[in-house]
1. Take Arg28 and decide whether it is assigned to a loop (DSSP other than H, G, I, E, B) and either touching a residue at least 12 places away in the same chain (Cβ under 8 Å) or within 29 Å of Gly134 (Cβ to Cβ) (or both).
2. Return yes or no: is Thr275 under 21 Å from Ala241 (Cα atoms) and surrounded by 15 or more Cβ atoms within 10 Å (Cβ to Cβ)?
3. Please give the number of the condition Leu239 fails out of (1) in contact with a helix residue (DSSP H, G or I) (Cβ under 9 Å, 6 or more places away or on another chain); (2) assigned to a helix (DSSP H, G or I); (3) open to solvent by less than 50 Å² (accessible area, probe 1.4 Å).
4. Report every pair of residues separated by at least 6 positions or lying on different chains whose Cβ atoms are under 9 Å apart, first residue within the stretch 97-109 and among the aliphatic types (A, V, I, L, M), second in a strand (DSSP E or B) and open to solvent by 20 Å² or more (accessible area, probe 1.4 Å).
5. Determine which single condition Ala85 fails, assuming it passes every other condition in (1) in contact (Cβ under 8 Å) with a residue 12 or more places away in the chain; (2) in a helix (DSSP H, G or I).
6. Look through Leu84, Leu75, Leu33 and report the one residue that is of a type in the set (A, V, I, L, M) and either closer than 30 Å to Ser147 by Cβ or open to solvent by 30 Å² or more (accessible area, probe 1.4 Å) (or both).
7. Got a sec? Which of Arg178, Arg127, Arg188, Arg204 is under 22 Å from Ala352 (Cβ atoms) and either open to solvent by 20 Å² or more (accessible area, probe 1.4 Å) or out of contact with any Cys (no Cβ under 6 Å at 6 or more places or on another chain) (or both)?
8. What are the residues in the stretch 251-267 that are out of contact with any strand residue (DSSP E or B) (no Cβ under 8 Å at 6 or more places or on another chain), part of a loop (DSSP other than H, G, I, E, B) and not hydrophobic (A, V, I, L, M, F, W, C), if any?
Amino acid sequence: MAQGYDAIILGAGAAGLMCAARAGQRGRRVLVLERAEKPGKKILISGGGRCNFTNLGAGPTNYLSQNAHFTKSALARYTARDFLALIESYGIAWHEKTQGQLFCDGSAKQIVEMLLAECAKGAVELRCDEEVRGVTHDGGFAVDTPSGRYAAPTLVVATGGPSIPKMGATGIAYDLARQFGLKVVEPRPALVPLTLGGEEVLFREISGVSAPVVASAGKGSFPEAALFTHRGLSGPAILQASSYWSPGETVMVNFLPDRGGDWLLGAKRETPRGTLRGVLRESLPQRLADILAEKLGIDVELGNAGDKVLRAAQERLARWPFWPNGTEGFAKAEVTIGGISTAELSSRTMEAKRVPGLYAIGEAVDVTGWLGGYNFQWAWASGVAAGEAL
């Protein structure tokens with residue numbers, strides 16, 4: 001005999017717990033089923049264990065989706081300031097790192113504990129180690145797990161995407177969407193390191209070297225640090241650009257974003273006996289400066305280099321093309337691009353338009369934020385939107 005609830009939420013991550021707390025506090029009888037042995041596992045590892053829980057600047061322009069307008073309603077109704085007020089009501093100390101990124105002073109555990117306390121206020125029932133074996137829909141929804149069958153008139157899919165499978169991530173959200181006839185935008189890794197091959201393998205020799213750059217791909221351009229790895233490119237600037245990169249395209253890197261005009265010709269006038277290698281070492285890590293100088297092939301004193309050659313070097317350093325041969329995949333991706341199509345959902349409630357009672361929130365949906373707390377803010381906002389509607 002199935003046990004009855006007002007709502008069943010699949011997934012005890014950021015979005016699922018937020019949704020459960022809001023619905024429970026509105027008097028709904030809520031059950032949360034989590035596949036892992038404990039809730040909030042991805043929250044716990046985020047931000048180096050300190051959880052970059054939101055971004056003060058979070059708005060629709062910070063998200064990728066096939067419908068650029070989909071996030072507007074939820075983000076406007078539950079803002080970063082709203083979540084910050086919740087944090088402060090629990091006495092959780094926080095700090096702003098850079099560019100509006102907010103972190104706990106202490107541990108990400110505080111965020112999970114806060115969410116669980118919010119769920120407790122709403123008498124939410126949480127069951128971990130519950131693998132979903134099947135979902136049926138006959139008027140209401142029935143969820144089968146190893147421990148039994150649970151039934152409710154509403155079902156919320158908050159199982160995330162397949163990024164970081166070692167944390168238990170799966171593609172079950174997409175399986176359920178297809179089961180109920182909802183379109184899925186092909187998922188791919190996002191906020192993910194890029195791999196290099198061919199002649200660019202030379203850059204692997206400087207693994208561990210990082211530098212502040214501007215990395216650009218598609219319509220995205222990000223001033224952050226880039227990190228060279230034994231497999232290719234990483235660091236915040238590259239992770240950001242990876243969300244806008246498509247196979248076969250380039251990633252452009254400006255190695256000296258603070259230099260403008262004919263700065264190399266100026267260096268030629270000021271230190272004609274200097275070398276390109278020497279000039280680059282003034283602004284970049286030595287090993288990176290050396291490899292760039294070697295690639296540019298200017299091995300004479302600047303005074304003996306033609307202006308045309310130096311201008312070409314300037315342009316190359318400002319728009320250095322890398323041709324990634326792939327990414328490090330879902331194993332290293334922080335999030336997933338793609339997911340349940342926003343065309344299938346109400347932007348106000350997250351309910352499926354063609355399947356009344358079925359909701360999808362968080363990373364399960366085709367909404368992907370930038371690096372820096374944006375994905376958590378979408379989890380909170382979409383979770384609240386659904387929780388208010390259940």
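1. When the stated conditions are applied, Arg28 passes them.
2. no
3. It fails just one condition, (1).
4. Correct list of pairs: Leu102/Trp94; Leu102/His95; Leu102/Glu96.
5. Of (1) in contact (Cβ under 8 Å) with a residue 12 or more places away in the chain; (2) in a helix (DSSP H, G or I), only one is false for Ala85: (1).
6. Matching residue, one of Leu84, Leu75, Leu33: Leu33.
7. Arg178
8. Asp258, Arg259, Gly260, Gly261, Asp262
The values are calculated or read from the model by the stated rules, or taken from the named source; none is laboratory data. A quick note: this is a predicted structure, and the numbers were derived from the prediction, not measured. Using ideal geometry, Cβ is built from the backbone for each residue, glycine included, and neighbour counts are taken over all protein chains shown. Ligands, DNA and RNA are excluded from the accessible area calculation, which covers all protein heavy atoms including side chains. Shrake-Rupley method; radii C 1.70, N 1.55, O 1.52, S 1.80 Å.
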